[in-house]
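The values are calculated or read from the model by the stated rules, or taken from the named source; none is laboratory data. A quick note: this is a predicted structure, and the numbers were derived from the prediction, not measured. Methodologically, a virtual Cβ is constructed for each residue, glycine included, from the backbone with ideal geometry; neighbour enumeration extends over all protein chains shown.
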Amino acid sequence: MILFPERVDWKQRIVEDIKQKYPKLNLITDDIISRNAEKGIKLFEQMVNAISVVVTLGAAILILTVMLITIKERTKEIGVLRAIGASNTIVIKSILWEIFILSTAGSILGGIISGIVLRYFMLENLFDLWHILKYMPLSIVLTILSGVIPAIKISRILPVESLRYE
C-alpha cells in the first residue's frame, strides 16, 4: 500500500505511528528506496571499474605476447645495431620509445573511437571523457611495462647469434 500525506512534514509522524501499531510490518519509505538506488549505482560503477582494470590487464598480457613475437622477428635488425656498436641500453631505449609511441597513438585512437561509439551508436549517450582519460595513462604504462621484458631479453643476444637467426 502506498500512502501520500497531505503535508510533507507529516511523513515522519505517519511512519512512526505505523511502526508503533504494526511492529512486524516491513515499512519502506522513499528515503530507503533512494538509498538502495544510490548503493546500486555505486556498486555498478565499481563493477565497471573492476571490468576496466581486468580488460586493461588482459590487454597488457596480450601486448607482452605480441611484443615478444615482434621483437623476436626483428632479431636480425637488432643484431646489426649491436654489431655496429649499439649498447644494450640503446637497444632497450629504442624499443621502449617505439612501444611508447605506439601505445600513446593506440590509446588516443582507441579513446576517440570508443568516444564516438559511446556517444553516437548507443541508445543512450554513455560518453564519459573522464573515464576514458583516466585509463589512458594506465594503459600506456602497462604497455611500456609489457615491453620491458622482451626488450631486455633481445638486448642480451650476441650480435653473431642474432645475425645467424632466421
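If the condition is being within 21 Å of Ile140 (Cβ to Cβ) and either modelled with pLDDT of 85 or more or surrounded by fewer than 11 Cβ atoms within 10 Å (Cβ to Cβ) (or both), then the range 67-90 contributes only Ile69. Applying the set (1) surrounded by fewer than 13 Cβ atoms within 10 Å (Cβ to Cβ); (2) in a helix (DSSP H, G or I) to Lys11 leaves exactly one unmet item: (1). For first residues located in the range 75-87 and touching a residue at least 60 places away in the same chain (Cβ under 8 Å) and within 15 Å of Arg156 (Cβ to Cβ), partners that are in a loop (DSSP other than H, G, I, E, B) and hydrophobic (A, V, I, L, M, F, W, C) and lie 6+ apart or on another chain with Cβ distances below 9 Å form the pairs Thr75/Ile157; Ile78/Ala86; Ile78/Ile157; Gly79/Ile157; Gly79/Leu158; Arg82/Ile157; Arg82/Leu158. Gly111 - would you say it is under 23 Å from Val54 (Cα atoms), surrounded by 13 or more Cβ atoms within 10 Å (Cβ to Cβ) and without any contact (Cβ under 8 Å) to a residue 40 or more places away in the chain? When the stated conditions are applied, Gly111 passes them. Filtered by the rule that a residue be of a type in the set (Val, Ile, Thr) and more than 15 Å from Ala83 (Cβ to Cβ), the range 136-166 gives Ile140, Val141, Thr143, Ile144, Val148, Ile149, Ile152.
Looking across the range 107-122, the residues that are under 21 Å from Met67 (Cβ atoms) and either modelled with pLDDT of 90 or more or of a type in the set (A, V, I, L, M, F, W, C) (or both) come down to Ile108, Leu109.
Can you pull out the residues in the range 140-162 that are surrounded by fewer than 15 Cβ atoms within 10 Å (Cβ to Cβ) and either of a type outside the set (D, E, K, R) or closer than 13 Å to Leu64 by Cα (or both)? Explain how you work it out, then say what you get.
Restricting attention to the range 140-162, the residues satisfying the condition of being surrounded by fewer than 15 Cβ atoms within 10 Å (Cβ to Cβ) are 141, 145, 149, 152-153, 156, 158, 160-161.
Result: Val141, Leu145, Ile149, Ile152, Lys153, Leu158, Val160.
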